[in-house]
Amino acid sequence: MPHVHIDYSANLDQAVDMGALCETIRATMAGIETFPMPGIRVRATRVDHYAIADGNPKHGFVDISVRLRAGRADDVKKDALVQIFDAAKAFLGPAMQTRSIALSTEMRDIDADLSPKSGTIRDHLGDTS
């Protein structure tokens, strides 16, 4: 279960296709062996109220937070995070050439004992209805 939450500044709505960024990250994660594909969740939340650097409203941000169940080796997590960061940076590259954007990522382990899960996605994979 890797869950990704993207917070982004509202001033990027016209400059960045956040749905496509979500899909880029999902596809990148699906290609990383340590992440079970059925558990991947990527979502983005627009942040309307924010203050950055010198307060100039032209500055924007994309903050990517990855949460996953504990138990993976640090080198595996670091490699996965680098791949996610690189994919996001490549996707945002054109916008970052013309706009002031701060990009950050973070990965955190979740204690499985404190995070119960239930779902039927695996039961419906491949279901086109």
Given the conditions (1) in contact with a helix residue (DSSP H, G or I) (Cβ under 6 Å, 6 or more places away or on another chain); (2) closer than 20 Å to Tyr8 by Cα; (3) in a helix (DSSP H, G or I), every one holds for Arg122 apart from (2)
In region 83-97, anything touching a residue at least 12 places away in the same chain (Cβ under 8 Å) and of a type outside the set (A, V, I, L, M, F, W, C) is listed as Gln83, Lys89
Checking Ala87, Ala102, Ala44 in turn, the sole residue that is within 21 Å of the chain's Cα centre (by Cα), in a strand (DSSP E or B), modelled with pLDDT of 95 or more and buried (at least 16 other Cβ atoms within 10 Å of the Cβ) turns out to be Ala44
Condition set of a type in the set (S, T, N, Q) and assigned to a loop (DSSP other than H, G, I, E, B), scope region 5-41, selection surrounded by the fewest Cβ atoms within 10 Å (Cβ to Cβ): answer is Gln14
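Any idea how many residues of region 1-15 are over 14 Å from the mean Cα position of the chain (by Cα) and either within 16 Å of Arg67 (Cβ to Cβ) or in contact (Cβ under 8 Å) with a residue 24 or more places away in the chain (or both)?
Of the residues in region 1-15, the ones over 14 Å from the mean Cα position of the chain (by Cα) are 9-15.
Checking which are either within 16 Å of Arg67 (Cβ to Cβ) or in contact (Cβ under 8 Å) with a residue 24 or more places away in the chain (or both) leaves us with 9-13, 15.
Qualifying residue count for the region: 6.
The values are calculated or read from the model by the stated rules, or taken from the named source; none is laboratory data. Just so it is clear, the model here is predicted, and its values are computed rather than measured. Cβ: placed from backbone, ideal geometry, glycine included. Neighbour counts: every protein chain shown.
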